[in-house]
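Quick notes on the structure that follows.
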Amino acid sequence: MATAAQLTEASTSNYVEAGGIRLHYNEAGTGEPLVAIHGGGPGAGGWSNFQQNLPALTEHFRVLLIDLPQYGKSDAPEIHEPTGTYYARTIKNFIDALGLEKVHILGNSLGGMTAMKFAIDYPDNIGKLMVMGAPTGSASFTQPMPTEGLRRLMEAFDNPTKETMHAMIKVFVDDPS
């Protein structure tokens, strides 16, 4: 198994032109392709969301940690359509550019929403699908909406201060240190 020290951001970093957008991704491992799609928080990207999982995932998969457009090292075009539709098509363009027909997808939050939309729009290209913390676009029957996490995230986007970032981190992570 590769260790976290062996799998660095620099050693796994790649770019591909897909659908007219320059996309950054990190790649490691062999086997069936697994595309990991990050969440939408400030500073999010494939590496920041999934680097700690990479050694274990590469034991079983060819792992592709994508930076969606407007995140990480990927291009930042203006988006003039629903983000789920745009990002799902971005994933389709990404796998086409890499010559992949079918992929498994792991999506976190925004990445989970993107993964679900990808599965709906491109069912022939999806293997297994795993999402976590993914918004579905429907009302919740178990908690008030918007959730505390979403409220804190929007506060941090609207007013990016040390205080709002700290409040967001306290909600999203187990160990805020």
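The values are calculated or read from the model by the stated rules, or taken from the named source; none is laboratory data. If you're wondering where the values come from, they're calculated on a predicted model, not measured in any experiment. Using ideal geometry, Cβ is built from the backbone for each residue, glycine included, and neighbour counts are taken over all protein chains shown. Just the protein is used for accessible areas: all its heavy atoms, side chains included, with ligands, DNA and RNA removed. Shrake-Rupley method; radii C 1.70, N 1.55, O 1.52, S 1.80 Å.
Is there a residue in the stretch 74-83 that is under 20 Å from M132 (Cα atoms) and among the charged types (D, E, K, R)? Break it down into steps so the answer makes sense when it comes.
Our first condition is that a residue be under 20 Å from M132 (Cα atoms); within the stretch 74-83, this holds for 83.
Now restrict to residues that are among the charged types (D, E, K, R): none.
Scanning the stretch 74-83 turns up no residue that is under 20 Å from M132 (Cα atoms) and among the charged types (D, E, K, R).
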* Which of the residues belonging to the stretch 8-21 are among the hydrophobic types (A, V, I, L, M, F, W, C) and more than 17 Å from V35 (Cβ to Cβ)? -> A10
* To do: Spot the failing condition for M165; the list is (1) closer than 16 Å to G39 by Cα; (2) modelled with pLDDT of 85 or more; (3) not acidic (D, E), and only one is missed.
  => (2)
* Those residues of the stretch 89-119 which are more than 17 Å from the chain's Cα centre (by Cα) and farther than 14 Å from L23 by Cβ, in sequence order -> G99, E101, K102
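Please specify each residue of the stretch 114-124 satisfying the condition of being in contact with a helix residue (DSSP H, G or I) (Cβ under 7 Å, 6 or more places away or on another chain) and open to solvent by 20 Å² or more (accessible area, probe 1.4 Å).
Applying the first criterion (in contact with a helix residue (DSSP H, G or I) (Cβ under 7 Å, 6 or more places away or on another chain)) to the stretch 114-124 yields 114, 117-118, 121-122.
Within the stretch 114-124, K117, D121, Y122 meet the criteria.
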* Kindly list the number of the only condition in (1) touching a helix residue (DSSP H, G or I) at 6+ places or on another chain (Cβ under 8 Å); (2) farther than 21 Å from M132 by Cβ; (3) modelled with pLDDT of 95 or more that fails for L57. => (2)
* Out of curiosity, is R152 outside any loop (DSSP other than H, G, I, E, B), open to solvent by 30 Å² or more (accessible area, probe 1.4 Å), touching a strand residue (DSSP E or B) at 6+ places or on another chain (Cβ under 6 Å) and charged (D, E, K, R)? -> no
* **Failed condition for L100, given (1) at pLDDT 95 or above; (2) closer than 20 Å to Q51 by Cβ** => (2)
